[in-house]
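The values are calculated or read from the model by the stated rules, or taken from the named source; none is laboratory data. Note that the structure is a prediction, hence the values are computed from the model and not measured. With ideal geometry, Cβ positions are generated from the backbone for all residues, glycine too; neighbour counts draw on all protein chains shown.
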Amino acid sequence: MPNAGGQYFWANELAPKKYANFASYLTGWFAWAGSIFTSASVALSLGLVGVGMYQLAHPDFVPEAWHAVVAYQVINTFAFLFNCVGKLLPKVATVTLYTSLISFITILITVPSRAETHQSPKFVFATFINSTGWKSNGIAYLVGLINCNWVFACLDSATHMAEEVASPERAIPIAIMGTVAIGFTTAWCFVISMFFSLNDFEAVVNSATGVPILELFHQALNSRAGAIALQSLILATGMGCQIASHTWQSRLCWSFARDRGLPFHSWISKIDPRLDVPFLAHSFSCAIVGVLGLLYLGSSAAFNSMVTACIVLLYVSYAIPIICLLIRGRNNIQHGPFWLGKVGLAANIIVLAWTLFTIVIFSFPSVYPVEVGRNRN
């Protein structure tokens with residue numbers, strides 16, 4: 001039967017009976033913690049974007065940590081309020097989808113067409129610029145993978161809606177695969193077009209706004225207002241992602257509490273009959289997200305740490321049920337409509353190897369040398 005628990009439910013079903021409860025409990029905590037850090041990292045990234053847009057419009061403005069934290073809390077509260085009304089969520093998802101597609105098409109056409117200069121194919125496809133401080137280009141490249149990995153980190157989010165959609169055994173795998181396919185295709189086209197439109201690389205990475213893509217827009221359009229308008233499209237799409245992230249972490253918190261995996265589970269697992277949402281679970285999770293935002297006041301490395309925690313914790317939560325599946329035997333369970341056979345086995349092994357890779361590599365500082373409180377994860 002469908003279960004909103006996702007990976008912790010699978011761990012319980014697949015693990016040997018002797019270890020099922022422990023495997024499920026451990027997976028649940030990793031998954032929920034990962035969802036919390038995901039929501040926190042998205043909120044902080046959007047907050048930094050908002051502050052950067054203001055700085056571009058007001059060149060004399062000097063961004064400080066507390067500005068980003070205030071923006072963070074506003075965004076967290078905004079997403080919290082939207083998730084308090086269950087009937088709004090499908091509409092928000094639809095609006096976010098169309099907003100992202102419109103933003104993608106608009107930026108993809110506007111930036112390359114307005115850029116006064118364009119880079120050569122050699123620069124785009126065969127030039128590697130290492131400005132991280134790491135002497136090894138290989139390490140710089142591997143550490144840099146955290147950025148593209150972050151945007152695909154929460155693929156399990158759809159599984160936690162299993163009790164709220166029709167035919168989840170088909171709808172959820174399609175949603176996950178569609179997310180990867182559409183995301184990869186659009187991201188590839190977007191990145192390549194932006195690299196061709198790049199003018200001054202050093203100005204982009206050292207922008208006073210702290211938002212490299214915003215500076216790239218400014219260079220291409222030669223207009224502050226135009227750059228802010230394009231960045232607003234990305235910000236609007238990001239807000240939809242933030243709302244969806246809050247939906248995900250609240251459902252995971254609720255289902256885990258319902259299965260008695262959290263303290264105060266009898267309280268957190270209640271569904272508000274008027275709002276038709278797990279309001280207490282949602283409030284509890286969002287409050288923790290709000291507290292995490294305060295970390296940025298103490299260290300600018302907080303964002304890197306949130307992203308690392310988001311990725312690593314979620315991958316560990318995926319790895320545990322996969323290990324349980326391999327121990328039990330892939331052919332000793334009932335196969336669903338998306339059974340992949342030997343391809344599925346290869347995917348399982350790749351995920352386990354990638355999990356070990358991320359635990360080690362993504363814990364490295366983003367730049368070198370290490371400065372405590374600035375770039376240490």
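Pick from region 167-201 the residues that are aromatic (F, W, Y) and touching a residue at least 60 places away in the same chain (Cβ under 8 Å): which of them is nearest to Q119 (Cα to Cα)? First the steps, then the outcome.
We begin by selecting, within region 167-201, every residue aromatic (F, W, Y); these are 184, 188, 190, 195-196, 201.
Okay, now just the ones that are also touching a residue at least 60 places away in the same chain (Cβ under 8 Å), so 190, 195-196, 201.
On the way: F190: 15, F195: 7, F196: 5, F201: 11 Å.
Per the criteria, the residue is F196.
Residues of region 252-280 being touching a Pro at 6+ places or on another chain (Cβ under 7 Å) and in contact (Cβ under 8 Å) with a residue 40 or more places away in the chain, which ones?
Correct list: W254 only.
Quick one: in region 328-377, which of the residues that are exposed (fewer than 12 other Cβ atoms within 10 Å of the Cβ) and in contact with a Gly (Cβ under 8 Å, 6 or more places away or on another chain) is modelled with the lowest pLDDT?
Step by step, filter region 328-377, then rank; the result is G373.
Do you know which residues across region 122-138 are of a type outside the set (A, V, I, L, M, F, W, C), surrounded by 12 or more Cβ atoms within 10 Å (Cβ to Cβ) and either touching a residue at least 12 places away in the same chain (Cβ under 8 Å) or closer than 21 Å to G238 by Cβ (or both)?
Across region 122-138, the qualifying residues are T132, G133.
Looking at region 227-273, which of its residues are in a helix (DSSP H, G or I) and among the aromatic types (F, W, Y)?
Applying the first criterion (in a helix (DSSP H, G or I)) to region 227-273 yields 227-258, 265-268.
Across region 227-273, the qualifying residues are W248, W254, F256, W267.
Does A319 satisfy the criteria of being surrounded by fewer than 16 Cβ atoms within 10 Å (Cβ to Cβ) and in a helix (DSSP H, G or I)?
Details: surrounded by fewer than 16 Cβ atoms within 10 Å (Cβ to Cβ): no; in a helix (DSSP H, G or I): yes.
No; evaluated as a whole, the condition is false for this residue.
Hey, any hits in region 238-249 for a residue that's without any contact (Cβ under 8 Å) to a residue 60 or more places away in the chain and either surrounded by fewer than 20 Cβ atoms within 10 Å (Cβ to Cβ) or closer than 22 Å to V69 by Cβ (or both)?
no
In this structure, is S305 touching a residue at least 12 places away in the same chain (Cβ under 8 Å), in contact with a Lys or Arg (Cβ under 9 Å, 6 or more places away or on another chain) and either among the aliphatic types (A, V, I, L, M) or part of a helix (DSSP H, G or I) (or both)? Talk me through it step by step, then tell me what you get.
Numbers: touching a residue at least 12 places away in the same chain (Cβ under 8 Å): yes; in contact with a Lys or Arg (Cβ under 9 Å, 6 or more places away or on another chain): yes; either among the aliphatic types (A, V, I, L, M) or part of a helix (DSSP H, G or I) (or both): yes.
The answer is yes for S305.
Is there a residue in region 362-373 that is touching a residue at least 60 places away in the same chain (Cβ under 8 Å) and not in a loop (DSSP other than H, G, I, E, B)?
There is no residue in region 362-373 that is touching a residue at least 60 places away in the same chain (Cβ under 8 Å) and not in a loop (DSSP other than H, G, I, E, B).
Okay, residues lined up against (1) among the small types (G, A, S); (2) under 13 Å from W32 (Cα atoms); (3) in contact with a strand residue (DSSP E or B) (Cβ under 7 Å, 6 or more places away or on another chain):
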{"position": "M239", "(1), (2), (3)": "no, no, no"}
{"position": "S245", "(1), (2), (3)": "yes, yes, no"}
{"position": "Q249", "(1), (2), (3)": "no, yes, no"}
{"position": "W254", "(1), (2), (3)": "no, yes, no"}
{"position": "L280", "(1), (2), (3)": "no, no, no"}
{"position": "G298", "(1), (2), (3)": "yes, no, no"}
{"position": "I311", "(1), (2), (3)": "no, yes, no"}
{"position": "P321", "(1), (2), (3)": "no, no, no"}
{"position": "G341", "(1), (2), (3)": "yes, no, no"}
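Restricting to region 256-275, name every residue that is out of contact with any Leu (no Cβ under 7 Å at 6 or more places or on another chain), charged (D, E, K, R) and surrounded by 13 or more Cβ atoms within 10 Å (Cβ to Cβ).
To start, the set of residues in region 256-275 that are out of contact with any Leu (no Cβ under 7 Å at 6 or more places or on another chain) comprises 257-266, 269, 271-275.
Filter once more, so that each one left must be charged (D, E, K, R): 258-260, 272, 274.
Selection gives R258, D259, D272.
Which residues, taken from region 139-163, are surrounded by fewer than 16 Cβ atoms within 10 Å (Cβ to Cβ) and either within 15 Å of G34 (Cβ to Cβ) or not aromatic (F, W, Y) (or both)? Spell out how you get there, then give the answer.
Step one: filter region 139-163 for residues surrounded by fewer than 16 Cβ atoms within 10 Å (Cβ to Cβ), giving 139, 141, 144-145, 147-148, 151-152, 155, 163.
Hits for region 139-163 are I139, G144, L145, N147, C148, V151, F152, L155, E163.
Suppose we keep only residues that are part of a loop (DSSP other than H, G, I, E, B) and of a type in the set (A, V, I, L, M) within region 331-350. Which one would you say is nearest to R170 (Cα to Cα)?
Narrowing region 331-350 to residues part of a loop (DSSP other than H, G, I, E, B): 333-341.
Subset that is of a type in the set (A, V, I, L, M): 333, 340.
Numbers: I333: 18, L340: 14 Å.
For region 331-350, the residue satisfying everything is L340.
Considering only region 208-225, I want to know if a residue exists there that is under 27 Å from Y368 (Cβ atoms), more than 15 Å from the chain's Cα centre (by Cα), surrounded by fewer than 19 Cβ atoms within 10 Å (Cβ to Cβ) and without any contact (Cβ under 8 Å) to a residue 60 or more places away in the chain. Spell out the reasoning first.
Residues of region 208-225 that are under 27 Å from Y368 (Cβ atoms), as a first pass: 208-216.
Then drop every residue that is not more than 15 Å from the chain's Cα centre (by Cα), which leaves 208-216.
This time we only want the ones that are surrounded by fewer than 19 Cβ atoms within 10 Å (Cβ to Cβ), so: 208, 210, 212.
With without any contact (Cβ under 8 Å) to a residue 60 or more places away in the chain added as a condition, the list becomes 212.
Looking for residues that are under 27 Å from Y368 (Cβ atoms), more than 15 Å from the chain's Cα centre (by Cα), surrounded by fewer than 19 Cβ atoms within 10 Å (Cβ to Cβ) and without any contact (Cβ under 8 Å) to a residue 60 or more places away in the chain, one finds at least one in region 208-225, hence yes.
I'm trying to understand the selection: among the residues of region 140-192, which are more than 16 Å from the chain's Cα centre (by Cα) and of a type in the set (D, E, K, R)?
E163, E164, E169, R170
Quick check on region 310-325. Is at least one of its residues without any contact (Cβ under 8 Å) to a residue 24 or more places away in the chain and either farther than 23 Å from Y19 by Cβ or of a type in the set (F, W, Y) (or both)? Spell out how you get there, then give the answer.
Restricting attention to region 310-325, the residues satisfying the condition of being without any contact (Cβ under 8 Å) to a residue 24 or more places away in the chain are none.
No, there is no match, as no residue in region 310-325 is without any contact (Cβ under 8 Å) to a residue 24 or more places away in the chain and either farther than 23 Å from Y19 by Cβ or of a type in the set (F, W, Y) (or both).
Evaluate region 150-163: report whether one residue or more is more than 28 Å from S363 (Cα to Cα), acidic (D, E) and touching a residue at least 60 places away in the same chain (Cβ under 8 Å). Please lay out each step first, then the result.
The initial filter retains those residues of region 150-163 that are more than 28 Å from S363 (Cα to Cα), namely 161-163.
Now restrict to residues that are acidic (D, E): 163.
Narrowing the set further to residues that are touching a residue at least 60 places away in the same chain (Cβ under 8 Å) leaves 163.
Yes.
Only residues that are within 15 Å of L88 (Cβ to Cβ) and part of a helix (DSSP H, G or I): list them for region 274-295, please.
Hits for region 274-295 are F279, H282.
Just wondering, is there one or more residues in region 290-298 that are aliphatic (A, V, I, L, M), in contact (Cβ under 8 Å) with a residue 60 or more places away in the chain, buried (at least 21 other Cβ atoms within 10 Å of the Cβ) and touching a helix residue (DSSP H, G or I) at 6+ places or on another chain (Cβ under 8 Å)?
Within region 290-298, the subset aliphatic (A, V, I, L, M) is 291-292, 294-295, 297.
Next, from what is left, pick out any that are in contact (Cβ under 8 Å) with a residue 60 or more places away in the chain: 292, 294, 297.
If we keep only those that are buried (at least 21 other Cβ atoms within 10 Å of the Cβ) as well, we get 292.
Now restrict to residues that are touching a helix residue (DSSP H, G or I) at 6+ places or on another chain (Cβ under 8 Å): 292.
Yes, that holds for at least one residue.
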